[in-house]
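Report on the structure given below.
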Amino acid sequence: MAEQNIELGRDTNQALGLAHYAIGFLSDEEGARGEPDESVLKHTNRFLTDAAICGASALALGTNAPVLLREEALEYPIRDGERGATVFGSTARLKAEKAILANCAAVREWDSNGTNFGYNPKQGNTAGEFGHNDFYSVAIAAAQMTGADGRKALLACVLHDEIRGRLAEVFSLKTYKVDHVVHGAIASAAVFGAMLGATAEQIESAIGMTVAHFIPFRAIRAGKQLSDSKGSSAAISTEAACMSVLRSMRGFLGPRDIFRNPEAIFRIFEGPGQMFQAVGGGKPNTRKSDEAPFDLRLSRAGTDFAVMGMHFKLGLYEHQSAGAIQAVIDLLHKAPHLIDDATGDSIKKITIKAYEPAFGIIGDPAKRDPSTRQSADHSMVYIIATLLRKALHGRSEGREPTWENLILTPKDYNQASINNTVTREIMEKIAFEHGGEDYDKRYPDGIPTSVSVQDADGAAYDSGMVMYPAGHARNTTANLDALLANKWKTLGELIAEDAAAVVNKFNDLGSRSAADIDAINDFAIDFKGAFE
């Protein structure tokens, strides 16, 4: 069998290596072409469908940045002789980089699509960088531009997740306050260029421009109440990456060998010394002063692809809260009397324990009083209080506290819900604590979280530590397809009356023709006005 993995050593030009890898992966060349197992293709398609339904539903509910950027894209029609790409809910052919910008921003808006934690103990790469499956619009747009069929588009999606996911495993951008979307932008330059027929040198140039000119810092995620920049960071960086590809293909020369460039982010933060302590864990490595800070190993065939270790969200919530959600659901099955009283008076106190970075990200004291959706969905106390409010209401109507029945939806983050009296009263009963070393050491293998509840009579109930909640890549008990179908139906009904027809547009991509890919965004969106 042909080689399964591609090794890009730290002493090599990894930008050029990524370019050759991407070109080969999407080619028909034996031994170079991508040959992921069908299980990898199926799993990637799940993430793609999930992303698309999240994006189109964000548009339907009139969220600010997706609507604005979609309108911006519609102002950039193609010229005669160009093919262009489309945005969700339209057949208009637009400049590809603008269509990608709009669709990527829409996908990310709810913060409800796929997530990776940059954790690969098999390879010893546990840098632990976050990332999200935001970027499939790059592959779809490039397929529309080149007349590629669904299988090639799906392979390009696998390729993007592989590059982005492996970079997240070897280099922690957040350690240096750089936003995690940089890994996605690098992957976008490689995939977009390979799909469009760019040379390896042109792709290397585009990766160099992306890293040298367009580095977003995590300032976009700082502050008490978050802005549109947080949700659109991936989209804006990817727009820049795709523009860099187009410039390179026209002859613009960007910096070469960017991963070993001493002034670029990968080396500048590590310094010129001989010893490099692997960021996020791992053994110290002896590194020469002109080497990149990591080796990079990429899969070409088989089942061992980065996407297989990525995680689903089963509704709208910050992924770090998934362990607490699972713990609450488990607890309510152990002690159903906790929600017998529709007012929540049966619950006296709730204590949540979790790991860093969850405690720091969604336990920020400022987020105990969220006033916007973007802050509410990053507030542990708000998420859990809302879940319990829904459980109380559901119990009064005879519904069991399951993931399906308690799914958190956009409605749970509107102003009426944020200010709901019952939710606010439950929030006051919640203590969120850092669990300490016993919790920290188990992340990012899992999402170690526990919830204990004291009832009105003083009796205590404990969930025990939850590691792999439903949606987590290592969860083996949940019916993932059923849970995703519930999510897609729930969000799909916000898009159009025939939710199944919209979902079907994105399912089974590998069997679709080029004409199907051309028309993939040809569905009506029931625009409902500005989200409030």
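The values are calculated or read from the model by the stated rules, or taken from the named source; none is laboratory data. Everything quoted here is computed from the prediction, not taken from an experiment. Positions of Cβ are generated from backbone atoms using ideal geometry, with glycine treated the same way; all protein chains shown enter the neighbour counts.
Count of segment 2-22 residues, restricted to those that are of a type in the set (Val, Ile, Thr) and part of a loop (DSSP other than H, G, I, E, B), is 1.
Residues that are more than 16 Å from Ala143 (Cα to Cα) and out of contact with any helix residue (DSSP H, G or I) (no Cβ under 6 Å at 6 or more places or on another chain) within segment 483-507 comprise Leu483, Leu484, Ala485, Asn486, Lys487, Thr490, Glu497, Asp498, Ala500, Ala501, Asn504, listed in sequence order. For segment 403-417, the criterion of being of a type outside the set (S, T, N, Q), surrounded by fewer than 22 Cβ atoms within 10 Å (Cβ to Cβ), in contact with a Leu (Cβ under 7 Å, 6 or more places away or on another chain) and outside the structural domain of Ile350 (by TED's automatic domain parsing) is satisfied by no residue at all.
The residues listed here are Thr115, Thr146; of these, the one that is surrounded by fewer than 24 Cβ atoms within 10 Å (Cβ to Cβ), under 23 Å from Ile447 (Cβ atoms) and in the same structural domain as Leu246 (by TED's automatic domain parsing) is Thr115. Apart from one condition, Ile329 fits all of (1) within 28 Å of Arg221 (Cα to Cα); (2) β-branched (Val, Ile, Thr); (3) at pLDDT 90 or above; the exception is (1).
A single member of Tyr461, Tyr439, Tyr468 is modelled with pLDDT of 95 or more, surrounded by 14 or more Cβ atoms within 10 Å (Cβ to Cβ) and assigned to a helix (DSSP H, G or I), and it is Tyr439. Residues that are polar (S, T, N, Q) and closer than 21 Å to Met308 by Cα were ranked within segment 458-485; the one that is nearest to the chain's Cα centre (by Cα) is Asn475. The test for being in the same structural domain as Asp440 (by TED's automatic domain parsing), touching a helix residue (DSSP H, G or I) at 6+ places or on another chain (Cβ under 6 Å) and either of a type outside the set (S, T, N, Q) or buried (at least 24 other Cβ atoms within 10 Å of the Cβ) (or both) holds for Pro370. Within segment 316-339, the residues that satisfy the criterion of being touching a Ser or Thr at 6+ places or on another chain (Cβ under 6 Å) and either assigned to a helix (DSSP H, G or I) or over 21 Å from Leu483 (Cβ atoms) (or both) are His319, Gly323, Ala324, Ala327, Asp330, Leu331, Leu338.
Got a number for residues in segment 177-228 being modelled with pLDDT of 95 or more and in a helix (DSSP H, G or I)? Summing the residues that are modelled with pLDDT of 95 or more and in a helix (DSSP H, G or I) in segment 177-228 gives 30. Each residue in segment 419-436 was checked for being part of a loop (DSSP other than H, G, I, E, B) and over 10 Å from Ile352 (Cα atoms), and 4 of them qualify. Would you pick out the residues in segment 34-84 that are more than 22 Å from His132 (Cβ to Cβ) and of a type in the set (A, V, I, L, M)? Scanning segment 34-84 gives Leu74, Ile78.
For every residue, the table says whether it meets (1) closer than 19 Å to Ile347 by Cβ; (2) crowded, with 22+ Cβ neighbours inside 10 Å; (3) outside the structural domain of Asp330 (by TED's automatic domain parsing); (4) among the aliphatic types (A, V, I, L, M).
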{"position": "Lys429", "(1), (2), (3), (4)": "yes, no, no, no"}
{"position": "Ile447", "(1), (2), (3), (4)": "no, yes, no, yes"}
{"position": "Ser452", "(1), (2), (3), (4)": "yes, no, no, no"}
{"position": "Arg474", "(1), (2), (3), (4)": "no, no, yes, no"}
